[in-house]
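Working notes, beginning with the structure itself.
The values are calculated or read from the model by the stated rules, or taken from the named source; none is laboratory data. This one's a predicted model, so the numbers in the text were calculated from it and none came from an experiment. FYI the Cβ positions are ideal-geometry reconstructions off the backbone, even for glycines, and counts take in every protein chain you see. Just so you know, the surface numbers come from the protein's heavy atoms only, side chains and all, with ligands and any DNA or RNA stripped out. Shrake-Rupley method; radii C 1.70, N 1.55, O 1.52, S 1.80 Å.
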Amino acid sequence: MKNIYIFGMGKGKEYLDRCINSSNVKILGYINNYRNENKIAEDGKKILTQEELEENCDYIIVTLMQFESVRDSLLKQEIKREKIICFFDFKDAENKEYWSVIDPFKWRTELMWKHYNSVVVPSIDNLCYEIYSDSEEIKKQCPKIIDVRESVDKLISEKQCMARFGDNEFELMCGRLRTNYQNINNDLANRLTEVLHSDKENLMIAIADNYRALDKYTDDAAREIRKYLTEDVRKDHMRLLDLNRPYYDAYLSRPYIMYRDKSTAKERFDHIKQLWNDQDVLIVEGEYTRFGVGNDLLDNAASVSRIIVPSKNAFDEYKIIKEKTCQYGRDKLILAIIGPTATVLAYDLANENYWIVDIGQLDTEYEWFLRGVQERCEVRYKGVSEVISYDGVEHVMDDNIKKYMSEIICDLHW
């Protein structure tokens with residue numbers, strides 16, 4: 001009998017449930033880093049956070065489909081690699097040591113069906129939108145999105161505000177959880193819908209350019225877009241969008257890693273840097289974001305000040321975040337990097353004639369550009385939500401800590 005913990009309680013666990021050798025395992029409990037108040041699962045097993053985990057087991061089975069960062073964080077917790085089974089890792093499925101816990105035939109079958117459903121089927125579903133991207137019929141079925149360069153030009157020349165909508169914002173509006181840094185919140189969902197449907201002259205609404213041709217993106221990026229934008233999800237987006245109005249390209253905050261042609265990345269970054277050229281900048285960011293710290297992204301700004309907010313569930317503290325941003329942000333360019341909360345903040349402050357841009361993961365992209373990497377990777381001293389949990393982030397580097405700390409004028413991340 002093997003004693004196990006199961007990491008994750010979502011869709012991936014359903015796959016595991018169909019394969020696990022129930023007669024040969026004893027489930028000690030579940031690991032859920034985003035546990036709310038409930039500490040007991042429906043089957044009576046305890047629910048732990050990763051920090052509460054004690055190594056009193058034979059195996060920890062990771063059921064998250066994006067398992068790499070979880071495995072890395074467990075290793076940093078000094079849990080032995082051989083005790084970590086990543087259900088969606090094809091290599092682990094070939095390890096005979098694990099077959100006493102998970103039936104190998106069922107395991108491989110589930111992985112193959114997942115691969116088919118997540119790669120082959122989405123490619124087929126999206127095929128007509130890509131092949132016939134320039135046809136009038138397809139154009140009528142997709143939102144009009146103004147390209148990145150024109151979007152940035154408008155921000156600079158007209159001092160426009162911007163609210164961005166990516167996958168996470170659309171999923172929250174649909175009542176589904178996709179992000180690990182903002183729980184589902186009905187008030188937030190309603191506010192996001194209000195912002196998306198707004199039509200203010202000084203506020204640009206930006207969405208991701210995902211709906212037609214994807215050839216400008218890398219194969220990996222295009223594959224991820226197809227996996228997400230299923231037929232049902234596309235219908236949800238079209239229900240929320242207005243196909244008679246123009247939107248702007250939310251990928252202005254992602255000028256590097258997803259593009260097939262990276263030779264013009266420097267030009268794209270230099271262009272957007274003009275936004276804060278000789279401007280006094282107020283950054284509203286999470287505890288581990290550290291936008292522009294340790295690189296030259298903000299070197300052309302006249303000054304930089306920062307408000308630090310909670311890295312997770314920032315919308316829970318929205319009232320005080322907005323109050324302090326208004327207090328310190330007048331006559332400054334406000335750069336907000338706080339997930340879906342930034343989208344709402346941009347709308348509310350645009351209503352009060354502040355200049356605010358929901359700038360997203362631009363600094364992370366710049367770090368990847370400076371390193372010349374081809375895939376997403378950790379950035380030391382900074383939280384990269386797509387790669388590593390915030391729990392693994394180190395303190396800011398010594399050479400920059402004095403300057404960084406001097407820029408913080410308000411800290412709300414209690």
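Here is how the number arises for the chain: DSSP H runs of 4 or more residues each give -39500 (n - 2.57), the sum is divided by the residue count, and the result at 222 nm is -10500 deg cm²/dmol. At full extension, LYS159 and TRP99 could sit 15.6 nm farther apart than now, given 0.36 nm per residue minus the alpha carbon distance.
Quote the charge dipole size of the chain about the Cα centre in Debye, to the nearest 20; the model charges only the Cβ of Lys and Arg (+1) and of Asp and Glu (-1).
640 debye
Using only side-chain charges placed at the Cβ, +1 for Lys and Arg and -1 for Asp and Glu, the dipole size of the stretch 260-394 relative to its Cα centre rounds to 60 debye. Per atom type, the stretch 162-314 shows carbon and sulfur on 40% of its accessible surface, probed at 1.4 Å. Model label sites at ARG260 and SER303, defined 7 Å from Cα along the beta-carbon direction, differ in position by 4.7 nm.
PRE reach from ILE409 (point 7 Å along Cα→Cβ): which of the stretch 341-367 fall under 15 Å by backbone N? It comes to 354-356, nothing else. Here the spin labels are modelled as points 7 Å beyond Cα on the Cα-Cβ line, and at ASP232 and ILE47 they lie 2.2 nm apart. In a fully extended conformation the segment linking ARG223 and SER23 would gain 68.2 nm over its present Cα-Cα distance, using 0.36 nm per residue. For ARG371 and ASN202, the difference between the fully extended length at 0.36 nm per residue and the C-alpha to C-alpha distance is 57.3 nm.
Remark on ILE283: its backbone amide H falls under 5 Å from those of SER305, ARG306, ILE307, LEU335, a criterion applied only to residues 5 or more positions apart or on other chains, H modelled at 1.01 Å from N.
Structure remark: mean-square fluctuation, Gaussian network model of the chain, C-alpha springs under 10 Å; the largest value among LEU282, LEU111, LEU297 belongs to LEU111.
Placing pseudo-labels 7 Å out from each Cα toward the beta carbon at LYS144 and TYR132 gives an inter-label distance of 2.1 nm.
Can you tell me the accessible area per residue over the chain, all protein chains present, probe 1.4 angstrom, in square angstrom?
Working: 19950 Å² over 414 residues.
Per-residue accessible area for the chain comes out at 48 Å².
Any chance you could give the angle, 0 to 90 degrees and rounded to 10, that helix 104-115 forms with the longest Cα principal axis of the chain? Result, in degrees: 20.
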